[in-house]
Amino acid sequence: MTSQAPHSVLMIRPACFGSNQETIQSNAFQHKQDIPRDQVQELALEEFNRMVDELKANRINTIVVQEIDLPQKPDAIFPNNWLSMQPDGRLILYPMLVPSRRLERRDDILELIKSKYKVTETLDFTSFENRGEIVEGTGSLIFDHVHKIAYAARSPRTTEVLVREICKQLGYVLIIFSAYDEEGVAIYHTNVMLAVTTEFAMICLDSIQDENELDLILDSFQKTGHTVIAISFEQMKAFAGNVLEVLNNNNERVLVISEAAVQALLPGQLDAITKFIDIVPIAIPTIEKYGGGSVRCMLAGIHLPPKE
């Protein structure tokens, strides 16, 4: 039976983390650097290492790969945007919006994955970058693997033509919509305003202005039996939607969530979550501030079947 939660996660230890001037244009969650880059890297590295320790302490199988120093890739800490590893054995490579992020794709990481897991096919969509068609992995696509549904919010990093093609090849039903922040700016990645776990969905309903699209999403969750936990704009900014359900080594589901998100949630929302699942809170304020992403962005979920 297909699991919604990955059994393992891939993480990239940063070598030159910092605010990326190429990506800040389309990421309202990201802040300009106000301290020296080497200090940002030092703080981010401490947060990263603590996060790895916390995941391992919670018996989550975590594969860590060291980022290569040159060329500099300030967003390499977010590998979920350039690859996904599907339950059916397919490995997908995605086209990225800006040149510096395209450098994050590494053949040695793909070989490492193939040495540990069964990869039946590699779907490589990276050439679509040349046509301006962009889909940034599980930042753009929120997969419901159990029901074979994909949710996607249109943005400069999530173009509709390619989203439809990817879902067609995967055999997933697509629910595509537009989502905006309080300033009316398209939200850069779907996975900051929506998370789908086995039993519930966390979503910023206020960001979806089209009533028909909102009805389509809520109707889908009703059909799949997902409890809807609505988060506000402020909670979304604190990355309450940027969470990932993961299986630990005891086959128990846990929710990896940032400390900032936990602090932003109301007691009733936390109760609704912990009714279904235990939470693993992670403090990564530097990474969130200068990277504009949180714990979910740092985790490339591994659904591939392990080799014997």
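The values are calculated or read from the model by the stated rules, or taken from the named source; none is laboratory data. Since the structure is predicted, the reported quantities are computational estimates derived from the model, not experimental observations. For neighbour counting, all protein chains shown are included, and Cβ atoms are generated from backbone atoms with ideal geometry for every residue, glycine included. Note: accessible area is taken over every heavy atom of the protein model, side chains too, but ligands, DNA and RNA are not part of it. Shrake-Rupley method; radii C 1.70, N 1.55, O 1.52, S 1.80 Å.
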* Using the Karplus curve 6.51 cos²θ - 1.76 cosθ + 1.60 with θ = phi - 60°, work out ³J(HN,Hα) for each residue of the stretch 50-59 in order, rounded to whole Hz, and write x for Gly and Pro. => 5, 5, 4, 4, 5, 5, 5, 5, 9, 6
* Structure fact -> For the chain, the Debye formula with one identical point scatterer on each Cα and no solvent gives log10 I(q)/I(0) at q = 0.12, 0.16 Å⁻¹ as -0.73, -1.46
* Structure fact -> the stretch 134-250: antiparallel bridges as % of DSSP beta bridges, rounded to 5, reads 50
* Structure fact -> Quick calc, the chain, dipole around Cα centre from Cβ unit charges on Lys, Arg (+) and Asp, Glu (-), nearest 20 debye, gives 780
* To do: Compute the accessible area per residue over the chain, keeping the other protein chains in place, probe 1.4 Å, unit Å².
  => 41
* Rounded if a/c is under 1.5, else prolate if a/b beats b/c, else oblate: with a ≥ b ≥ c from the C-alpha gyration tensor eigenvalues square-rooted, which is the stretch 52-163? -> oblate
* Asked: What is the stretch 50-98 by shape, rounded, prolate or oblate, if you read a ≥ b ≥ c off the alpha carbon gyration tensor as root eigenvalues and call it rounded for a/c under 1.5, prolate for a/b larger than b/c, and oblate otherwise?
  -> oblate
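For the stretch 205-279, with all protein chains present and a 1.4 Å probe, just round the carbon and sulfur fraction of the accessible area to a whole percent.
In the stretch 205-279, the share of accessible area belonging to carbon and sulfur is 47 percent.
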* To do: Could you tell me the number of lysine pairs in the chain with C-alpha atoms less than 18 Å from each other, where the two lysines are 8 or more residues apart or belong to different chains?
  => 10
